[in-house]
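Structure first, commentary second.
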Amino acid sequence: MSRSALFQTPLSERARIVYLRDFLTWLYDDRSSEEELAEQLWRWFGGFPRGPLRGKWRAEIDKHLSTTRDWPWRTFQAELRAALEGLYDGIRNTEVRASQPIRFTLKTWPSKGKRQHFSLQPVLPRRRDQRDWAPVFLFDFLSDLNNLTLGAMERCARPTCRHLFIRLRAKRRLYCSKRCRNLAVLEGLTRNE
Ligand SMILES: [Zn+2]
C-alpha cells in the first residue's frame with residue numbers, strides 16, 4: 001500500500017482492509033528470509049509502496065533495518081502471530097487484555113480539504129527492543145480492525161491451517177487461500193464454497 005493511501009483522512013474502509021491483509025500475509029510468511037521479514041514489516045508500518053525505494057524513504061527504512069538487525073525476526077513473527085491469534089480466539093472473553101499497556105497520543109491531522117481530524121497514534125518506544133515494539137505493531141493493526149464487521153477477519157476452516165485471514169469482498173469465504181480451498185476439497189472437508 002502506498003503512504004498516500006494510508007494517510008488519507010479519514011482512512012477508507014478499503015484502505016484499512018488492504019493494510020490489515022498485508023500484515024496477516026507478513027504474519028504467516030514462512031518463505032522470506034529474516035532480512036526480508038524485517039524489511040517488509042518496516043515497510044508495512046511506515047506505509048511504504050512496494051518496489052524499489054529511493055532517497056529519503058530508502059534512508060528511513062535502512063535506519064530501521066540497521067537498528068533492528070539483531071532482532072530474532074522469525075521468533076518475533078511467531079510471537080506476534082501467537083499474540084494476535086490469542087486475542088482473536090478470546091474475543092468473547094472480556095478478561096483478555098493486551099499483555100502490555102500501550103502509550104498513545106491524540107493529535108490532529110489535516111485532510112486535503114484542510115479539515116482537521118482526530119489522530120490516535122502510539123508513542124514509539126525509545127529502546128530498540130522487539131518486546132517493546134510488539135504492542136506497537138499490534139496496536140496499529142487493531143486500530144484498523146476496530147469497528148469492522150466480525151466477518152472481515154476469520155480463521156481458515158482447514159483444521160491443519162487455521163490461519164487468520166482478511167476478507168476483501170463481502171462474499172463469505174471459508175479458507176484463507178485457493179491452496180487451502182483446493183486441499184480441503186481433496187481432504188473431503190467440503191465439496192464447494
Ligand atoms: Zn488456510
Which residue, Leu164, Leu150, Leu65, tops the fluctuation ranking in a GNM of the chain built on C-alpha contacts under 10 Å?
Leu150
By the scheme Lys and Arg +1, Asp and Glu -1, what is the net charge of all other residues having a beta-carbon under 14 Å from that of Met153?
+3
Which whole-number percentage describes the relative contact order of the chain, with Cα contacts under 8 Å and a sequence gap of 6 or more?
21 percent
Given the peptides 51-59, 17-25, arrange them by the average over their residues of other C-beta atoms within 10 Å, most packed first.
17-25, 51-59
Just checking the chain: which Cys have no other cysteine's beta-carbon under 4.7 Å?
Cys180
Packing-based order for 112-122, 176-186, using average beta carbon neighbours within 10 Å, highest first:
176-186, 112-122
Please work out how much length the chain gains when fully extended from Trp109 to Ile91, using 0.36 nm per residue of separation minus the C-alpha to C-alpha distance, in nm with one decimal.
3.4 nm
Environment charge at Arg74 (Cβ cut-off 12 Å; Lys +1, Arg +1, Asp -1, Glu -1):
-4
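Read the figures in this text as sums done on the coordinates, not as results from a lab. As the structure is a prediction and not an experimental result, all values here were calculated from the model. Using ideal geometry, Cβ is built from the backbone for each residue, glycine included, and neighbour counts are taken over all protein chains shown.
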